[in-house]
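**Q** Questions regarding the structure given below will be posed in turn.
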Amino acid sequence: MPRNSFFLIALLSLLPTAHAAGETAAASSGLTSSTFLQAFLGLALIIALLGATAWFARKLSIGQHFGQAGMRVIGGIALGPRERLVLVEVGEQWLVIGIVPGQIRTLHTLPKGTLAPPPGAGPDAGFGQWLKQIVERRGNAS
């Protein structure tokens, strides 16, 4: 038993020394919890300012009208991984434009018009058709 108490006394005598050495090291380096808190709050403030600036820029839509005087993209379709056809409205004309890597060409010019939606298109077309089929199946089953 005296052997165990010797180790216990030795450990207890080292604790205050280790604690004091830790305080001395922290005090000499200048890194305290308040320093970390201050750095964290500064970083949070910078991130908040960046977010607010981005939000205001989006709301004010700075530069939105740059280069778009009288032009509007009506639609487009991908023909391949890098090829597209685009329908652009310019004034009172529609332009069918082919876009490939390194080239943009006008393929056709049309008078301005309106596009009718394709049959069965719309936000609820797929669900509507599915529901109609289910109702017809149940009507035929009874």
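**Q** List every residue whose amide H lies under 5 Å from the amide H of Trp94, counting only residues 5 or more places away in sequence or on a different chain, with H placed 1.01 Å from N in the peptide plane.
**A** Leu110, Lys112
**Q** Note down the nm distance, to one decimal, between modelled labels 7 Å out along Cα→Cβ at Phe36 and at Lys59.
**A** Label-label distance for Phe36 and Lys59, simple model: 3.6 nm.
**Q** Dividing the alpha-carbon Rg of the range 71-111 by 2.2 N^0.38 Å yields what?
**A** Cα-based Rg divided by the globular estimate yields 1.12.
Bear in mind these aren't lab numbers, they're just calculated from the coordinates by the rules spelled out. Everything numeric in this text was worked out from a predicted model, so none of it was measured. Don't worry about glycine lacking a Cβ; one is built from the backbone with ideal geometry, like all the others, and counts go over all protein chains shown.
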